[in-house]
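S.K.: The structure's right below; bear with me while I get my questions together.
The values are calculated or read from the model by the stated rules, or taken from the named source; none is laboratory data. This one's a predicted model, so the numbers in the text were calculated from it and none came from an experiment. Cβ placement follows ideal geometry from the backbone for every residue including glycine, while neighbour counts extend to all protein chains displayed. Areas reflect the complete protein model, heavy atoms only, side chains present, ligands, DNA and RNA absent. Shrake-Rupley method; radii C 1.70, N 1.55, O 1.52, S 1.80 Å.
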Amino acid sequence: MSDVFASQDALIDWAMGSGLRIVVVIVAAILASLVVRRLIRVMVRPQMLGPTAALSGDRERLERREHTVETFLIRTASTFITFAAGMLVLAELGINIAPLIASAGIIGLAIGFGAQTLVKDAIAGVFLLLESHYDIGDRVKLSGVEGDVVGLSLRRTRLRSDDGAVHT
């Protein structure tokens, strides 16, 4: 009977220690995501829709550009926050994360060498976003398919054609 009480005490100790810290990490990650999302919106809007919008006369194009840049930055920040929170939770569960982080670096290097096309596509995607070739909401013709841009990432553009089909 004392074993049952000892295991219950251990469970309560874990819940008050590591369990509480895991909840704090998850809540902090959610709050950080919300704060970063808000900061990105506050920082991008004045840059995109500042005095130049009135001068250029193409406010709609600038709003589409703003949406594209916001979406990209928010996705990137969310990925980093989720990764960091995941590593902290694994550490609280008693898993040694040092080998995981070292492995991630080595695997990233191996993937970088093995997937040079992927890296080229990602770099081309960064320039596509920076140079604003087209944005979400623009009408474009790519690879013989004409439609509205509904999604844009570093490696993929999604178009919705006039018949409603989505092309990637």
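S.K.: Which value in nm describes the separation of the simple spin-label points at H167 and A102, placed 7 Å from the Cα toward the beta carbon?
M.R.: 4.9 nm
S.K.: Each residue of segment 24-40 in turn: what ³J(HN,Hα) in whole Hz from Karplus with 6.51, -1.76, 1.60 and θ = phi - 60°, glycine and Pro shown as x?
M.R.: 5, 4, 5, 5, 5, 5, 5, 5, 4, 4, 5, 5, 5, 4, 5, 4, 4
S.K.: Grab the Cα-Cα distance for D121 and R38, subtract it from 0.36 nm times how many residues apart they are, and report the gain in nm with one decimal. It would help to have the intermediate numbers written out before the result.
M.R.: Numbers: separation 83, 0.36 × 83 = 29.88 nm, distance 2.90 nm.
Taking 0.36 nm per residue and subtracting the Cα distance, the gain is 27.0 nm.
S.K.: Tell me whether segment 25-168 comes out rounded, prolate or oblate; compute the Cα gyration tensor, take square roots of the eigenvalues as a ≥ b ≥ c, and use a/c under 1.5 as the rounded threshold.
M.R.: Numbers: a/c = 2.42, a/b = 1.50, b/c = 1.62.
Oblate, because a/c is 1.5 or more while a/b does not exceed b/c.
S.K.: In what order, largest first, do F80, F127, F72 sit by accessible area if the probe radius is 1.4 Å?
M.R.: Listed by decreasing accessible area, they come as F80, F127, F72.
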